[in-house]
1. Looking at the stretch 81-96, can you tell me whether even one residue there is modelled with pLDDT of 95 or more, surrounded by 15 or more Cβ atoms within 10 Å (Cβ to Cβ), of a type in the set (Ser, Thr, Tyr) and more than 24 Å from residue 165 (Cα to Cα)?
2. Within the stretch 21-55, can you find the residues that are in a helix (DSSP H, G or I) and not charged (D, E, K, R)?
3. Any residue that is in a helix (DSSP H, G or I), of a type in the set (Gly, Ala, Ser) and free of Cβ contacts under 8 Å to residues at least 60 places away in the same chain - is there at least one of those in the stretch 56-79?
4. Filtering the stretch 2-20 down to residues that are in a loop (DSSP other than H, G, I, E, B) and farther than 16 Å from residue 82 by Cα, which residue is modelled with the highest pLDDT?
5. What are the pairs, 6+ residues apart or on separate chains, where a residue within the stretch 167-194 that is loosely packed, with under 13 Cβ neighbours inside 10 Å has its Cβ under 7 Å from a residue that is modelled with pLDDT under 95 and not aromatic (Phe, Trp, Tyr)?
6. Tell me, please, whether a residue that is crowded, with 19+ Cβ neighbours inside 10 Å, of a type in the set (Asp, Glu) and within 20 Å of residue 146 (Cβ to Cβ) can be found in the stretch 22-36.
7. Touching a residue at least 40 places away in the same chain (Cβ under 8 Å) and out of contact with any Cys (no Cβ under 8 Å at 6 or more places or on another chain): is that true of residue 10 in this structure?
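The values are calculated or read from the model by the stated rules, or taken from the named source; none is laboratory data. Predicted model, so just to flag it, every value in this text is computed and none were measured. A quick note on method: Cβ atoms are made from the backbone with ideal geometry, for glycine too, and the neighbour counts reach across all protein chains shown.
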Amino acid sequence: MTKDDLKLFDLQLFQPLNGYRYSLDPLLLARFCSPVSDGGIIADLGAGCGVIGLVLARVNPSASVVAFENNPEMIEIIDKNILHNELSQRVSARCEDVLNRRALSGDSTFDLVVSNPPFRKAGSGKTSPKAGRDVARHETTATLADFLTAAKYLVKPSGRICFIHLPSRLVEFMGLANDMKLSVLRIRMIHNCATSQATMFMAELAKGRRSSPVVEPPLFVRGGDGEYSHEVWR
């Protein structure tokens, strides 16, 4: 296990040495989310080591966060991170599976539901020899539809849902949202640099309303010099 600094958010996070380790994606997603109102409640589905929930707790200092994760070993790490960063009064972890959405919480409970779900369908893409990484990267149990279904169940009609995923699955994502009567409010594409194709997209959704999506300016991870862009450094 390692302990890594996220100085921008005043966090130190423990994570597995050889299992799944967070990258830039959850940090970009946490920054993409609209702030919640005072006393708001946030759910993180498939929380991993808890990075998104802990960042959102720092960004929303009056909000409470529940991190849902189906791996008991990762739940222990989330609990360790919560205690280490002195956030136990506002952040908690629960070992639950998104497939059992009614066991997660009550219907229409959360102001914001966020997820960085497994990106690849089972049997697709490269596999990793390191234990834990394929479970986090591939849909070994729950699918994208399952994560969206759980998010719709949990979020309030006035709340928001924020996901990050692969551009290759954007059409599927939009189709699922439409079938579930979820309105896509915002989309933002992420590019490695100004001359590269999009590598990820982030989307904000809501239930119980109709809206045309706003496609925001792209986010470039690196500038022409190959270093992180000013926005990413911020």
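1. Yes; the residues of the stretch 81-96 include at least one that is modelled with pLDDT of 95 or more, surrounded by 15 or more Cβ atoms within 10 Å (Cβ to Cβ), of a type in the set (Ser, Thr, Tyr) and more than 24 Å from residue 165 (Cα to Cα).
2. Pass one, the stretch 21-55, residues in a helix (DSSP H, G or I): 25-32, 51-55.
Matches in the stretch 21-55: 26, 27, 28, 29, 30, 32, 51, 52, 53, 54, 55.
3. Here is the first cut: in the stretch 56-79, the residues in a helix (DSSP H, G or I) are 56-59, 72-79.
Applying the additional criterion that residues be of a type in the set (Gly, Ala, Ser) yields 57.
Filter again for free of Cβ contacts under 8 Å to residues at least 60 places away in the same chain, leaving 57.
Yes, because at least one residue in the stretch 56-79 is in a helix (DSSP H, G or I), of a type in the set (Gly, Ala, Ser) and free of Cβ contacts under 8 Å to residues at least 60 places away in the same chain.
4. Kept after step one, since they are in a loop (DSSP other than H, G, I, E, B), are these residues of the stretch 2-20: 10, 16-20.
With the extra rule that they be farther than 16 Å from residue 82 by Cα, the set shrinks to 17-20.
Numbers: 17: 87, 18: 82, 19: 80, 20: 82.
Here the answer is 17.
5. Within 7 Å, the pairs are 181/207.
6. Checked the stretch 22-36: no residue is crowded, with 19+ Cβ neighbours inside 10 Å, of a type in the set (Asp, Glu) and within 20 Å of residue 146 (Cβ to Cβ).
7. On the way: touching a residue at least 40 places away in the same chain (Cβ under 8 Å): yes; out of contact with any Cys (no Cβ under 8 Å at 6 or more places or on another chain): yes.
Yes: the conditions hold for residue 10.
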